[in-house]
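Here the structure comes first, spelled out in structure tokens, and everything after it is commentary.
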Amino acid sequence: MNRYEIKDLALAPSGALKIAWVREHMPLLRALEESMEILPPCERPLAGVKLSVSIHLEAKTAYFCQVLSKAGASVVATASNVLSTQDDVVAALAKSGVSVYAVHGASDADYFRHIELCLEHQPNIIIDDGGDLTHMLHTARPDLAVEMWGGSEETTTGVMRLRALEAEGLLRFAMIAANDARMKYLFDNRYGTGQSTWDSILRNTNLIVASKTVVVAGYGWCGRGIAMRAAALGASVIVTEIDAVKAIEARMDGHSVMTMTRAAPLGDLFITATGCRDVITIEHMRLMKDMVLLCNAGHFNVEVDVAGLAELAESQHAPRPHIETFVLPGGKRINIIAEGKLVNIAAADGHPAEIMDLSFAVQYHSVLYLLKHHEKLEPKVIDVSEEIDNLISKEVLAAWGVSIDTLTPEQTTYLNSWQV
């Protein structure tokens, strides 16, 4: 029997329909699931493995948890963001036999209590999204890490936290930087974040993008994708950056580049994607236009100073779901989408199913790698192997029915020779 703490198990039928829909659009995970059905439970690749998973609990991630369970793992899941949790999907996940602790809009206290419950079965492997699961195992509950072999991290922000732990010599077990795999960041961060961020903005504002000035803070892979989609929708794009090389790249991609202070009076819509804090401050907001829109595509809600804005505002109201209007002294109005939290998942459905199929294939193979090699791994941040990247890329092309060329023996010799 699975254990769970959810809103209402009766919501499961709606969630099951959502999971069934994404399943049809995730061929890599579906192939894995189908391959398990011909194996007896004791021969499945993750048989006996205890997995704790902290991710955005919506249909695609729920299906991933089900596939992990089908592969033989004992899976316990919790949310990585309370606003991204979809209660009907969580109910369907619980009804399918996966232990899950998550409720949409849970308090901070309940959120961290759910993380602790997720860890109480003393996992062998964790799959984290943002680093909160890992953080608890290193701080409040290190006693729950006694059976740990290692883990895998999904996000840029989470990998940053891991590398900081490693640099201080505090990392207790091996963690794979799934975010840094080519089959993850080139597609999930760029095309997934690019499309899903704009999906959220468009559905929540019902406003046109063409003719507007969009300011994108950060030109990493997420920022590149957001800026690319903004330009395609007809916007003029301004990029703010701290990295000179990325700033040059943004300029050569056709965007204007300047400081946030210079961009503040020019933008109609601001999107942060840096992974850093205090990217848009009250000082910037004072310079902005009336009725400007602000949102965040980074993992944590620290990039836009929403708390400072609320303190400064004379009043606030919600003109539409997921939009809060703050009225400043003098009458200027600043609009915040999704409370400054991760806009593409807190106020929409997250990345497209086809994109998450690639990312979760990386995660699945990372789990297999830990299972096979954990006894030899040191407590360090580990890159995803080129072998895994190549395997997944070939599986994707096969699913798409796409063929590519291969090197002849003569070409291979030529490329590996120093002689002409």
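Some notes on this structure:
- Taking Leu202, Leu171 and ordering them by how much accessible surface each has at a 1.4 Å probe, largest first, produces Leu202, Leu171.
- Sulfur and carbon atoms: percent of accessible area, the chain [1.4 Å]: 55
- Compared with the dominant principal axis of the Cα atoms in the chain, helix 12-23 is inclined by about 80°.
- Accessible area ranking (1.4 Å probe, heavy atoms, ligands and nucleic acids excluded), largest first, for Lys50, Lys184: Lys50, Lys184.
- A convex hull fitted to the Cα coordinates of the chain yields 176 cubic angstrom per residue.
- Estimated 222 nm signal from helices in the chain, with DSSP H stretches of n ≥ 4 weighted -39500 (n - 2.57), rounded to 500: -12000 deg cm²/dmol
- Rounded tilt (10° steps) of 353-373 against the dominant C-alpha axis of the chain: 50
- Share of Cα-Cα pairs in region 65-158 lying beyond 22 Å, as whole percent: 23
- For the chain, the solvent-accessible area of protein heavy atoms averages 45 Å² per residue (probe radius 1.4 Å; ligands and nucleic acids excluded).
- Amide hydrogen neighbours beyond the local backbone of Ile382, cut-off 5 Å, H modeled: Met175, Ile176, Ala177
- Shape call, region 155-302: gyration tensor on alpha carbons, a/c limit 1.5: prolate
- With contacts taken as Cα pairs under 8 Å and at least 6 residues apart, the chain reaches a relative contact order of 16 percent.
- Summed residue charge, Cβ within 13 Å of Thr281's Cβ, Lys/Arg positive, Asp/Glu negative: -3
- The phi torsions of region 60-71, fed into the Karplus equation with coefficients 6.51, -1.76 and 1.60 and a -60° offset, translate into couplings of 5, 6, 4, 5, 4, 4, 5, 5, 4, 5, 4, 6 Hz, rounded to whole numbers, with Gly and Pro shown as x.
- Distance between region 225-245 and region 26-59 - C-alpha centres, whole angstrom: 38
- The overall shape of region 341-420, judged from the alpha-carbon gyration tensor, is oblate: a/c is not under 1.5, and a/b is no greater than b/c.
- Across Leu170, Leu294, Leu415, the residue with the most accessible area heads the list, and the full order at a 1.4 Å probe is Leu415, Leu170, Leu294.
The values are calculated or read from the model by the stated rules, or taken from the named source; none is laboratory data. Computed from a predicted model, the values in this text were never measured in an experiment. Don't worry about glycine lacking a Cβ; one is built from the backbone with ideal geometry, like all the others, and counts go over all protein chains shown. Keep in mind that these areas ignore ligands, DNA and RNA; they rest on the heavy atoms of the full protein, side chains included. Shrake-Rupley method; radii C 1.70, N 1.55, O 1.52, S 1.80 Å.
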